Amino acid sequence: MKVRLLTILCVAGVVFLAACGKNDADLQKAVQEKFAAENISGVSVAVNGGVATLSGEITDITVKTRAEKAAMSVDGIKSVTNNIVVKAPPPAPVADDKMIEGTINEGLKNKNITGVTVTVKDGEVRLSGKVPQDKVAEVMMVANEAKPKRVVNELNK
């Protein structure tokens, strides 16, 4: 009888200790705290059965890898499902047409180049007018320094 009671108490103790381990909510909080400590943002985590599922949209591939490693380093996480999507960063804004035109005209003025008409539409520069042959390269250089989408050379030499 004593052996049976002792066996039941041992089994109950083991079950109790196993139940006192970290639950999914505790693990999720621990992963979120790890993300905060490592400055990982834009990533969400859900934990189910000790499996961490990562999600979110980011623009830096290294964040995806860092988040997975950080989650895996939390004691109690069995595995990580990484569903983070890496999106391309937005394109750099194209300078305003008037700003491009002004930049080119100012550059031409600083180089004492006259006779060039600058027209800009949707980031595309058209150069027209008449300039000496030896100045064409300088005109093109000034136009390209304004960072337009494209430069169309319609200069008469």
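A few points about this structure:
- Condition met for Lys78 (over 19 Å from Lys34 (Cβ atoms) and either among the basic types (Lys, Arg) or at pLDDT 95 or above (or both)): no
- Of all residues making up the stretch 111-123, the number that are surrounded by fewer than 17 Cβ atoms within 10 Å (Cβ to Cβ), over 14 Å from Met99 (Cβ atoms) and in contact (Cβ under 8 Å) with a residue 24 or more places away in the chain: 1
- Applying the condition of being part of a loop (DSSP other than H, G, I, E, B) and touching a residue at least 40 places away in the same chain (Cβ under 8 Å) to the stretch 124-157 and asking which residue is farthest from the chain's Cα centre (by Cα) yields Ala146.
The values are calculated or read from the model by the stated rules, or taken from the named source; none is laboratory data. Since the model is a prediction, treat every value here as computed from it, not as a measurement. Neighbour counts are summed over all protein chains in view; Cβ atoms, including those assigned to glycine, are modelled from backbone coordinates with ideal geometry.
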